[in-house]
Amino acid sequence: MSHSLLPQYWYVIAEARELTQQSVLSRTILDESLACYRDSQGKVVIAQDRCIHRSARLSSGTVSDGNLSCRYHGWVYGDSGKIVSIPCEGGEEFASQCGMKAKTYTSIEQDGYVYVCLKPGEHTPPRPMTLNELGSVWKGRVRLQNRFQNSLSNCVENYIDVPHTAYVHHGIFRKPRGEPLRTTVTRHEGRIDITYHGERLNLGTFSMFLNPQGSEIEHTDHFFAPNVTSVHYKMPGGYRYSISSQSIPVTAMETMVYTDISYDFGVWTPFAAWIVRRQAQEVLKQDIDILNEQGRNIDKYGERFYTTSADLIHTLTSEIISGMRSGITPAEISSETKEITFCV
Ligand code: FES
Ligand SMILES: [Fe+2]
């Protein structure tokens, strides 16, 4: 674990609106327990969830006007996690002289998210990818949070896995039609680009509206190591729909997922948010059910997978993620372009 590259990357810890000067959030990322709040300047403080005095949890303390008091002996943490008061030493004067501080982590606010980097190092990007770079900037937007009892790798696999959609999301998304789908997959330095050729997406309930002729659509998927995927559909009439998923490794078998959906349905865009949110959450609930079930079996029997060539995308993503867990950089993993055909 110690040489894993994963702690060097940026992970969403919360939505920016969730962090305030009056409350403390408890989060776990890569098994590290974190307490987060905003200090009196409004700046995000992400501290190891452990009081430096006697190791009580900071996240079970209270925050008022940007000062966090530990619930055990009342030590107060202020701006940037500095100790500003030690009550049993008479309060603030002693504390200001001692210069003690919680262990804190680097954070960045971007796109309405707060990101943390646990261990900045040579592989740490200057900032997280923006939603703009992920292509999630159409007129309509919906944001969702969900928790999965499964690994980062299996969650990532799911978001860019087409075959399951006909089964898990039967009717909402696709129906099994047994039609071959030609796919080009390219991997280069921690990035995987997937292009589907000649797909005629059957969007179930929405096909009447989104793709009434059942014509060919444009569909590309992407993976950005270690934890981001994006999926893009463009309908023949110009309507667009994109889903970006940031999967946050909480523990080995728990993953928090922040989903950003953006869409452009022309004149219908302003009216679509409610139905897009409802539909997306329904689809995600189906994914949670199947991934949690898979997770329970993995806990019981270990991760024993039988893989065919139709599983190429998962093989390529999991090689990158497991490589990074053992200190291998994405650049050290082979670049390749392959064409596969599978039936959906
Ligand atoms: S353990 Fe936090 S104040 Fe003592
Ligand atoms: Fe799914």
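Yes/no per residue for (1) within 29 Å of THR130 (Cβ to Cβ); (2) modelled with pLDDT under 95; (3) in a strand (DSSP E or B):
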position: THR20; (1), (2), (3): yes, no, no
position: THR28; (1), (2), (3): yes, no, yes
position: CYS36; (1), (2), (3): yes, no, yes
position: GLN41; (1), (2), (3): yes, no, no
position: ALA56; (1), (2), (3): no, no, no
position: SER107; (1), (2), (3): yes, no, yes
position: PRO120; (1), (2), (3): yes, no, no
_Filter the stretch 1-18 down to the residues that are in a strand (DSSP E or B) and of a type in the set (A, V, I, L, M) and list them by number._
VAL12, ILE13, ALA14
_I'd like to check something: does the stretch 163-172 contain any residue that is outside any loop (DSSP other than H, G, I, E, B), surrounded by 21 or more Cβ atoms within 10 Å (Cβ to Cβ) and at pLDDT below 95?_
yes
*asked:* Looking at (1) more than 19 Å from GLU18 (Cα to Cα); (2) surrounded by fewer than 18 Cβ atoms within 10 Å (Cβ to Cβ), which one does ALA95 not meet, given that it meets all the others?
replied: (2)
*State whether the residues of the stretch 83-91 include one that is touching a Lys or Arg at 6+ places or on another chain (Cβ under 7 Å), within 16 Å of ligand 1 (Cβ to nearest atom), in contact (Cβ under 8 Å) with a residue 12 or more places away in the chain and more than 26 Å from ARG143 (Cα to Cα).*
yes
*Could you say which residue among GLY327, GLY266 is assigned by TED's automatic domain parsing to the domain that holds LEU144 and either modelled with pLDDT of 95 or more or within 16 Å of ligand 2 (Cβ to nearest atom) (or both)?*
GLY327
*Under 6 Å between Cβ atoms, at least 6 apart or on separate chains: pull out the pairs that start in the stretch 236-261 with a residue that is among the basic types (Lys, Arg) and end on any residue that is surrounded by fewer than 21 Cβ atoms within 10 Å (Cβ to Cβ).*
ARG240/TRP138; ARG240/LYS234; ARG240/ASP264
_Residue that is nearest to ASP39 (Cα to Cα) [pool: residues in the stretch 69-99 that are under 40 Å from the mean Cα position of the chain (by Cα) and part of a loop (DSSP other than H, G, I, E, B)]_ = GLY78
*Which listed residue, of GLY42, GLY66, is buried (at least 16 other Cβ atoms within 10 Å of the Cβ), away from ligand 1 (no atom under 16 Å from the Cβ) and over 23 Å from the mean Cα position of the chain (by Cα)*: GLY66
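Yes/no per residue for (1) away from ligand 2 (no atom under 16 Å from the Cβ); (2) under 30 Å from GLY81 (Cα atoms); (3) in contact (Cβ under 8 Å) with a residue 40 or more places away in the chain:
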site	(1), (2), (3)
LYS103	yes, yes, yes
CYS117	yes, yes, yes
VAL156	no, no, yes
ILE160	no, no, yes
PRO163	no, no, yes
ILE172	no, no, yes
HIS188	yes, no, yes
_Options LEU131, LEU144, LEU181: the member that is touching a strand residue (DSSP E or B) at 6+ places or on another chain (Cβ under 8 Å) and either over 29 Å from ILE275 (Cβ atoms) or assigned to a loop (DSSP other than H, G, I, E, B) (or both)_ = LEU131
_For the list (1) assigned to a helix (DSSP H, G or I); (2) surrounded by fewer than 13 Cβ atoms within 10 Å (Cβ to Cβ); (3) of a type in the set (D, E, K, R); (4) in contact (Cβ under 8 Å) with a residue 12 or more places away in the chain, I need the number of the one condition that ARG277 fails._
(2)
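The values are calculated or read from the model by the stated rules, or taken from the named source; none is laboratory data. Keep in mind that this is a model prediction, so the values were computed, not measured. FYI the Cβ positions are ideal-geometry reconstructions off the backbone, even for glycines, and counts take in every protein chain you see.
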